Amino acid sequence: MVVLTYDVDPQGDLVVVLQEPNTTRSIPEVSIRQPGTHKTPSFQIDQDILNLPKVSSLLPSFDSSEETVEVRIRVSSFHMKLASPMFERMLNGPWRESTSPESSSTPAPPGNSVHLDAPIEAADEPPAVPGVIGAFTSSSSTSPTTAFRIREVIAHGWNADALLVVLNVIHGINDQVPRELSVEFLAEIASIVNYYHCQRAMQFAGEVWQLRMYTFPSRYGMRCIVWLSIAWAFGWEEVFDKLASYIIENGEGLCLIKPHDIPINSVLDKLDAKRQDCIAKIVNRLDELSDELLDGRTGCDHRCSSMLLGSLLRERHDSALLNPAMPSPYTGYSVHEFIKKVICFRVMEWGRYPATSHGCTIMALMQPSIHRIENEMRSFKISHSKDN
């Protein structure tokens, strides 16, 4: 086994032991519609490049796929408890210790030895009962007769360099914190920040990265989802709200997203539920409008309602999207696509004089509903994503 060591605090009383480093997957796999396949949708995996620029590692290079690697990072328990409520609960709880590194350890009571792991399936909240898994005594550097306990916590899977960046920020070692990151690397950091609930300690660094790196995505895809995850982890409300609204409008279904270890599964569930609700409202309003025109409740007279009904039925017949009505979850289609179809309904030229358009149109009758749906999407807030 290869063991790499790094001292964030050389006098620290805590060692973070990272096992199976670089095995979490903080970048989702998102399938997007191929251009020109609107009638018969075809999808491909988004190949957007998120891993540039590269960040120089503070650790020696290693290949965890070929050999077992363990990264041991020495830190201050005081700084960790101040930065992370999880570390505070964990380090104030039970842990097992031994009198020296060479002696046999005293076993902890059952249930008190809990690994501080990265989740196998990433969750928005950490486990309720974190714990410290071990400790040993070590000679103090100031006196050979003085001993202090060095405790250990186990973590699994995190990107080793991302974890080291988080620990350097927490300890105020700013000259070891990169200013320029790739979106992928920032997503690795965000997963750690979210899991250990250290947003306050990371706030200033996060704001620096946001100012230097963030621009609103030019299209829907993997970049949108990754930035949403980053904004969620750091608590960037304005960024999150705009991205969430954009994803509700342009997302095409959860079946086209493989989230891997991204920590916003429940958020994506809520956004897709809102997408489905908005599409259902458009379809239901078209059904209601057909009934109103058929009954003569809408339209300025019999001729008007008859012409509009015929136009509406024809448009829905010609559109694979609107006829027959698609069942939820409307996989492969976005709210934007549905609204665009309605906006593009043809306007008939009929009236008192040749080549004139009658004032009543399907779009005019649908406009109030579409306006309400657009307002619903734009008003989505980060607070709506919090679990009750």
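The table that follows gives values for the structure above.
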read-out: S218, sole failed condition from (1) outside the structural domain of C344 (by TED's automatic domain parsing); (2) surrounded by 14 or more Cβ atoms within 10 Å (Cβ to Cβ); (3) more than 14 Å from the chain's Cα centre (by Cα); value: (2)
read-out: L116 vs. criteria at pLDDT below 95 and in contact with a strand residue (DSSP E or B) (Cβ under 6 Å, 6 or more places away or on another chain); value: yes
read-out: Residues being surrounded by fewer than 17 Cβ atoms within 10 Å (Cβ to Cβ), among the hydroxyl-bearing types (S, T, Y) and at pLDDT 90 or above - total across region 283-322; value: 2
read-out: All positions within region 196-224 that are in contact with a strand residue (DSSP E or B) (Cβ under 6 Å, 6 or more places away or on another chain) and either among the aliphatic types (A, V, I, L, M) or in a helix (DSSP H, G or I) (or both); value: M222
read-out: Members of region 245-254 found to be touching a helix residue (DSSP H, G or I) at 6+ places or on another chain (Cβ under 6 Å) and buried (at least 21 other Cβ atoms within 10 Å of the Cβ), listed by number; value: I247, I248, E249, G251
read-out: Region 187-235: number of residues that are under 21 Å from M86 (Cα atoms) and not basic (K, R); value: 26
read-out: Lone qualifier among E188, E207, E184, E152 - being charged (D, E, K, R) and closer than 21 Å to S77 by Cβ; value: E152
read-out: Single residue of G111, G93 found to be modelled with pLDDT of 50 or more and exposed (fewer than 15 other Cβ atoms within 10 Å of the Cβ); value: G93
read-out: Test for V75: is it touching a strand residue (DSSP E or B) at 6+ places or on another chain (Cβ under 9 Å), more than 21 Å from A187 (Cβ to Cβ) and at pLDDT 95 or above; value: yes
read-out: Qualifying residue in region 172-191 (condition: part of a helix (DSSP H, G or I), in the same structural domain as N22 (by TED's automatic domain parsing) and without any contact (Cβ under 8 Å) to a residue 24 or more places away in the chain); value: yes
read-out: Test for S138: is it part of a loop (DSSP other than H, G, I, E, B) and either at pLDDT 50 or above or more than 27 Å from the chain's Cα centre (by Cα) (or both); value: no
read-out: Any chance T331 is β-branched (V, I, T) and over 27 Å from V30 (Cα atoms); value: no
read-out: Index of the failed condition, E70 passing every other in (1) modelled with pLDDT of 90 or more; (2) over 30 Å from R200 (Cβ atoms); value: (2)
read-out: Residue in region 221-241 that is closer than 23 Å to S383 by Cβ, of a type in the set (A, V, I, L, M, F, W, C) and surrounded by fewer than 15 Cβ atoms within 10 Å (Cβ to Cβ) present; value: no
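The values are calculated or read from the model by the stated rules, or taken from the named source; none is laboratory data. Predicted model only: the values in this text are computed from it and were never measured. Positions of Cβ are backbone-derived with ideal geometry, glycine not excepted, and every protein chain shown enters the neighbour counts.
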